[in-house]
Amino acid sequence: MRPLWALSVAGALSVVGALAGHDGSQPGAALDAGTRADGVGHDRGLDCREVRRRNSSERCRFVRGTPDCRMDGGFLDYLGGAFCAFPAALLPLSVSLYALWLLYLFVVLAVTAEKFFCPNLSAISTKLKLSHNVAGVTFLAFGNGAPDVFSAVVAFSDPRTAGLAVGAVFGAGIFVTTMVAGGIALVKPFAAASRPFLRDIIFYMVAIFLTFLVLYFGRITLGEALGYLGLYVFYVFTVVVCTWIHHRQRGDGSSHPGPWEPAVPTDAVEQESSSADCGDYGEEYRPLLPYHETSLHILSSALNPLDKHKWRRKPWYWRLFKVLKVPVELVLLLTVPVVDPDRNDLNWKRPLNCLHIITGPLLCVLTLKSGAYGLYQIQGVFPVWALVALIGSVLAIIVFVTTCNEEPPKYHCVFAFLGFLSSALWINAAATEVVNILQTLGIIFELSNTVLGLTLLAWGNSIGDTFSDLTMARQGYPRMAFSACFGGIIFNILVGMGLGCLLQMTSSQTVVKLEPDSLLVWILAGALGLSLVFSFVAVPAQCFQLGKAYGTCLILYYLAFLCVALLTEFRVIHLAAT
């Protein structure tokens, strides 16, 4: 097992091994070999979870020869590592390493979304001159929900892990709208914004009802997938219209945000905090002396993820977490450009941005389909990645010669789109590994994908929302945080399920099967719908004055739901046999 930090730095090297057939990314060859080894394909149709019931000596052959154990995409073969690379007695060690790697992947997702994905989305929305409301419910929502959406898209790409996506989308929804919303009410009692709350919760209940119907019929058609996306477009339109009506009623024609708008104050708070703290790279990006720095000095400063002044001020646990983030931050700095419209120089780093012209496209071709496209050889001679690197090198030289260090070029906004694409592919690659690890853990512990989605995946993707919303509430903005709980999650379910199923469809297959694998799916959907109905009735009944009683009820509701879900998973609660 490679060291965890090396896995994030040497992803491209893993691609080579993957395509050579060492990680199962050539499913046809692996399947044929396994079929021949087992006879005439007698493992076809078997559930991969049966591997734990086999003898220790047969587990590796079972994993290699069973089609259900094949994981499409990803750079590493986790099942092969658990049952082939490690002896049976060391299975707990492999599980522990996978758990640590899973936690680190959540760190990768958080850092990529916060430091690279969201700033580029902000720059794109600024360049397109979008209003605060449209940007809040589109680009800002996409930035905040990127890990959830990418995880759902990856999980929906394989029918075997569709339950993982449903569990994650529903699990994150019920967690955020009960535990996080309840925590906000406990931390800071407040008066909820009436119109945006009713608007968001009605749209959310409609989305849950549509998903319930999809699960009931066990399939989703092309029209239904487009309907998910169309409903979100209608939601954005409704937000814009409501904002315009509100401003007209106030007699204020300006687009100044009101206190009832969830996305705008959130964005303002984030900008204030970023201007005060400037992330981890703020001081490196601000010139200290008015002199012309050399390109080498600019490059070394831009690639330094550590701020020695901040390092001295921070406590030991912050330093420990920073050390864990340094490898992924360094790789992201090397491959993802960041355009910051709030800075005078737009974060223009001439030598580093020229390097991004090479590394950004190279990253794209080496992460698509686990590098299958990048390692494809043109006419069997010249690999695609080498052609991309050659073209990128020529463009980098042209940009370097025609620009200067002090002033960004007029086309600097193009780097925001390149950074958006590169960071999105990083998030997608990390989300693919997360889904594969969770699927592996489910096979090892014989757990359903649904329970893994509503627990580990939902909690991991909701960590950022939890801390940001509770921090916002403690700082005196509970209305914003509460609105974000219901408004932001709408994007995840509509775009996550709609886009995930849409990408799974092909010209020959326009229907995606979403058959629930257990009673747990119905309990999950019903619990989320019931929690929304409770808030829809209880909040107006209290005249939108939310206090500790409401927060306590939500938290107790989630704990009760979690107990019922786990009892159902372990078959303590089950349907009576007919």
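Things worth noting here:
- Selection within segment 349-382 - of a type outside the set (A, V, I, L, M), open to solvent by 40 Å² or more (accessible area, probe 1.4 Å) and not in a helix (DSSP H, G or I): Y373, Y376, Q377, Q379, G380, F382
- Residues within segment 439-494 that are under 18 Å from the mean Cα position of the chain (by Cα) and of a type in the set (V, I, T), tallied: 7
- Among the candidates R199, R219, the residue that is over 20 Å from F491 (Cβ atoms), open to solvent by 10 Å² or more (accessible area, probe 1.4 Å) and at pLDDT below 90 is uniquely R219.
- Close pairs from segment 537-562: first more than 10 Å from G182 (Cβ to Cβ), partner in a helix (DSSP H, G or I) and open to solvent by 30 Å² or more (accessible area, probe 1.4 Å), Cβ under 7 Å, at least 6 apart: F544/S194
- Odd one out for T112 among (1) more than 19 Å from N449 (Cα to Cα); (2) of a type in the set (S, T, Y); (3) crowded, with 21+ Cβ neighbours inside 10 Å; (4) modelled with pLDDT of 90 or more: (4)
- Out of P327, P337, P341, sole residue that is open to solvent by less than 80 Å² (accessible area, probe 1.4 Å), closer than 22 Å to N428 by Cβ and not in a helix (DSSP H, G or I): P337
- Being at pLDDT 85 or above, outside any helix (DSSP H, G or I) and surrounded by fewer than 24 Cβ atoms within 10 Å (Cβ to Cβ) is a description that applies to L346.
- Condition check for I443 on (1) of a type outside the set (S, T, Y); (2) open to solvent by less than 40 Å² (accessible area, probe 1.4 Å); (3) under 23 Å from D345 (Cβ atoms); (4) in contact with a helix residue (DSSP H, G or I) (Cβ under 6 Å, 6 or more places away or on another chain): one failure, at (3).
- Test for V401: is it open to solvent by less than 40 Å² (accessible area, probe 1.4 Å), modelled with pLDDT of 80 or more and assigned to a helix (DSSP H, G or I): no
- Sub-6 Å Cβ pairs linking a first residue in segment 365-379 that is more than 15 Å from A430 (Cα to Cα) and in contact (Cβ under 8 Å) with a residue 12 or more places away in the chain to a second residue that is outside any loop (DSSP other than H, G, I, E, B) and of a type in the set (A, V, I, L, M, F, W, C), at least 6 apart or interchain, are V365/V384; V365/W385; V365/V388; G374/V365; G374/L366; G374/V384; G374/W385; L375/L19, ordered by first then second residue.
- Residue pairs whose Cβ atoms lie under 7 Å apart, sitting 6 or more positions apart in sequence or on different chains, and linking a residue in segment 76-96 that is over 24 Å from A430 (Cβ atoms) to a partner that is among the hydroxyl-bearing types (S, T, Y), are A88/S56.
- Yes/no for T466 being without any contact (Cβ under 8 Å) to a residue 40 or more places away in the chain, open to solvent by 20 Å² or more (accessible area, probe 1.4 Å) and either of a type in the set (V, I, T) or touching a strand residue (DSSP E or B) at 6+ places or on another chain (Cβ under 8 Å) (or both): no
- Here W385 fulfils each of the conditions (1) closer than 24 Å to A123 by Cβ; (2) buried (at least 18 other Cβ atoms within 10 Å of the Cβ) apart from (1).
- Flag for G487 being open to solvent by 10 Å² or more (accessible area, probe 1.4 Å) and at negative phi: yes
- Filter result for S300 (at pLDDT below 85 and in a helix (DSSP H, G or I)): no
- The numbered conditions (1) at pLDDT below 85; (2) open to solvent by less than 10 Å² (accessible area, probe 1.4 Å); (3) not hydrophobic (A, V, I, L, M, F, W, C) are all true for R474 except (2).
- Only listed residue being of a type in the set (D, E, K, R) and more than 30 Å from V241 (Cα to Cα), chosen from R195, R219, R199: R219
- Criterion violated by E407 - all others in (1) in contact (Cβ under 8 Å) with a residue 40 or more places away in the chain; (2) assigned to a helix (DSSP H, G or I); (3) more than 18 Å from the chain's Cα centre (by Cα); (4) surrounded by fewer than 17 Cβ atoms within 10 Å (Cβ to Cβ) satisfied: (2)
- Residues of segment 179-189 classified as touching a Pro at 6+ places or on another chain (Cβ under 9 Å) and open to solvent by 20 Å² or more (accessible area, probe 1.4 Å), total: 3
- Total residues in segment 534-578 satisfying the condition of being open to solvent by 70 Å² or more (accessible area, probe 1.4 Å) and farther than 18 Å from A185 by Cβ: the figure is 10.
- Pair list, Cβ < 9 Å and 6+ apart or interchain, from segment 380-395 residues that are closer than 11 Å to V365 by Cβ to residues that are open to solvent by 80 Å² or more (accessible area, probe 1.4 Å): P383/Y376; P383/Q377; V384/Y373; V384/Y376; V384/Q377; W385/Y373; W385/Y376
- Which listed residue, of F83, F106, is closer than 26 Å to A372 by Cα, open to solvent by 10 Å² or more (accessible area, probe 1.4 Å), out of contact with any Cys (no Cβ under 9 Å at 6 or more places or on another chain) and of a type in the set (A, V, I, L, M, F, W, C): F106
- Restricting segment 64-80 to residues that are assigned to a loop (DSSP other than H, G, I, E, B) and open to solvent by 50 Å² or more (accessible area, probe 1.4 Å), the residue that is nearest to V154 (Cα to Cα) is D72.
The values are calculated or read from the model by the stated rules, or taken from the named source; none is laboratory data. Nothing here was measured: the structure is a model prediction, and the numbers come from that model. A quick note on method: Cβ atoms are made from the backbone with ideal geometry, for glycine too, and the neighbour counts reach across all protein chains shown. Keep in mind that these areas ignore ligands, DNA and RNA; they rest on the heavy atoms of the full protein, side chains included. Shrake-Rupley method; radii C 1.70, N 1.55, O 1.52, S 1.80 Å.
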